[in-house]
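Below: one structure, written as structure tokens.
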């Protein structure tokens, strides 16, 4: 029983540390941007731009890659997804492999991120679109206006780097 409680406490600590947010003033104190890693440890080396991703995905349904770009928002409930701006003006939903990690629920808007994993084109059903809208804090009226499935670029990330 004692080992179980120790394991439980260790697991809770790892989860808490893995999902902690960086204070907004952390950069101001050091004068340097703070880079936080979520999921697998990755580097920014070899990342392509969102313009290159859009071009590469024009004739593909799937691409394993590393991409850098701007974060638009993240799941306000628990940080289980984030949206990134694509060069063509659309957005890409970034989910995290096996829900094995999460990103901060607030403060990511406009931040620079590098994501590593697999980009795909997927038809997103109405129920899922409504779920994402609810997670993002959209109004009941906005959610009710979602009536058609949509084909979107999606990304399943193994690791994420965010610059604060």
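The values are calculated or read from the model by the stated rules, or taken from the named source; none is laboratory data. Just so you know, these numbers come straight off a predicted model, no measurement behind them. Positions of Cβ are backbone-derived with ideal geometry, glycine not excepted, and every protein chain shown enters the neighbour counts.
Some notes on this structure:
- Residue 92 meets the stated requirement of being in contact (Cβ under 8 Å) with a residue 40 or more places away in the chain, crowded, with 19+ Cβ neighbours inside 10 Å and under 21 Å from residue 61 (Cα atoms).
- Within region 10-53, the set of residues being at pLDDT below 95 and surrounded by 11 or more Cβ atoms within 10 Å (Cβ to Cβ) comprises 15, 18, 19, 21, 22, 23, 26, 27, 33.
- Count of residues meeting criterion [within 19 Å of residue 44 (Cα to Cα), in contact (Cβ under 8 Å) with a residue 40 or more places away in the chain and touching a helix residue (DSSP H, G or I) at 6+ places or on another chain (Cβ under 6 Å)] in region 62-89: 4
- The set of residues in region 54-74 that are over 14 Å from residue 118 (Cα atoms) and surrounded by fewer than 20 Cβ atoms within 10 Å (Cβ to Cβ) comprises 55, 58, 59, 70, 72, 73.
- The single residue among 78, 138 that is more than 16 Å from the chain's Cα centre (by Cα) and either outside any strand (DSSP E or B) or modelled with pLDDT of 95 or more (or both) turns out to be 138.
- The residues of region 123-135 that are touching a strand residue (DSSP E or B) at 6+ places or on another chain (Cβ under 6 Å) and either assigned to a loop (DSSP other than H, G, I, E, B) or surrounded by 15 or more Cβ atoms within 10 Å (Cβ to Cβ) (or both) amount to a single one, 124.
- Boolean, residue 118 is under 15 Å from residue 153 (Cα atoms), part of a strand (DSSP E or B) and more than 13 Å from the chain's Cα centre (by Cα): no
- On inspection, residue 83 fails the criterion of being surrounded by fewer than 10 Cβ atoms within 10 Å (Cβ to Cβ) and at pLDDT 90 or above.
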